[in-house]
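Take a look at the structure set out below.
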Amino acid sequence: MFFAFLIEQLLNGLQFGVMLFLMAAGLTLVFGVMGLINLAHGSLFMLGAFFCSWIAEASGSFWIGLGGGFLAAAAAGALIEFAVIRRLYDRDHLDQVLATFALILIFSEVTRWVFGDQPLYLDIPPLLSGFLPLPGGGGYPVYRLAIIVVGLLTAYGLYLLITRTRLGMRIRAGESDREMIGALGVDIRKLYTAVFALGAALAGLAGGMVGALQSVQVGMGEPVLILAFVVIVIGGIGSVKGALVASILVGLTDTLGRIFLPQAFALVLPVAEATAAGSALASVAIYLLMAAILAWRPKGLFPVNA
């Protein structure tokens, strides 16, 4: 039974990791290409979840809702890039932080005004309900496995996009020398809008899929945003490969820490004290991981311009 439990927790960590990757991939592209600190990225995650839940309830189809949340987040990303973000590229990071923090407040209040204060709930589609048997006994939810598959396929799709397409070539060039590609005739504004919309769409996809595992509510994107920033710092700013590896590391560290650290402390402490100490250490484990990796590789695991 312990073997089955261990496999279950490893899959939970992997599922959490690939969800973080969907958030962090867009964030690292935006920061790497545009040099923009976007605190409103978590709001796009929230927006995707709300639109997915609302459209799924109206249409009766989870898949239509998921597609709607994906497109709504992409459209919102393109709109705010055109209306707000475009004016911040030549400003310093403090201005970017203040402006995108203001966007968080605006998104939260508008979402509360449109959808109300009560949480929304999204049902898992029948096709992905049920459990898959695990070696050693027990089962694992099919829907969580689907999130893992979607995340890994998205990672592969981003790899193909960046390495095998003209848009990817421009994105890589924009990371290295944005002034040069502008001088060569590339419309840098359209490129920035496309990258920002892509990052927003990935955040919306993550929000829509996670919405079936937890309640959809205002403010749900901010905790995930903090972890996404940890991921891109560990993986290397601008690196999609680094975001994937770091996401999995963070997901496994957080999940396994919360399960096994209290048990480890229970070997030497009373149960109540072991639970408190283990939970406290588990909550900071990913930050200790980040500090250790940065001490070893200050630019992250896979820096783009190493």
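Across the range 214-226, the qualifying residues are those that are part of a helix (DSSP H, G or I) and open to solvent by 30 Å² or more (accessible area, probe 1.4 Å), and the one among them that is farthest from Asn38 (Cα to Cα) is Pro223. If the condition is being open to solvent by 70 Å² or more (accessible area, probe 1.4 Å) and either under 16 Å from Gln9 (Cα atoms) or at pLDDT 85 or above (or both), then the range 253-269 contributes Arg258, Gln263. In the range 1-26, the residue that is nearest to Ala155 (Cα to Cα) out of those that are open to solvent by 40 Å² or more (accessible area, probe 1.4 Å) and more than 12 Å from the chain's Cα centre (by Cα) is Leu14. State which residue is farthest from Arg172 (Cα to Cα) when the search covers only the range 237-252 and only residues that are buried (at least 21 other Cβ atoms within 10 Å of the Cβ) and not hydrophobic (A, V, I, L, M, F, W, C). The extreme case among them is Gly251.
Just to check your reading of the model, which residue among Ser239, Ser247 is under 21 Å from Pro298 (Cβ atoms), among the hydroxyl-bearing types (Ser, Thr, Tyr) and under 13 Å from the mean Cα position of the chain (by Cα)? After ruling out the rest, the residue left standing is Ser247. Scanning the range 21-34 for residues that are aliphatic (A, V, I, L, M) and within 15 Å of Gly236 (Cβ to Cβ) turns up Ala24, Ala25, Leu27, Leu29, Val30, Val33. Gly238 satisfies every condition listed in (1) in a helix (DSSP H, G or I); (2) in contact (Cβ under 8 Å) with a residue 12 or more places away in the chain; (3) more than 26 Å from Ala49 (Cβ to Cβ) except (1).
The values are calculated or read from the model by the stated rules, or taken from the named source; none is laboratory data. Since the model is a prediction, treat every value here as computed from it, not as a measurement. Every residue, glycine among them, receives a Cβ derived from its backbone with ideal geometry; neighbour counts consider all protein chains shown. These accessible areas exclude ligands, DNA and RNA; they are computed on the full protein's heavy atoms, side chains included. Shrake-Rupley method; radii C 1.70, N 1.55, O 1.52, S 1.80 Å.
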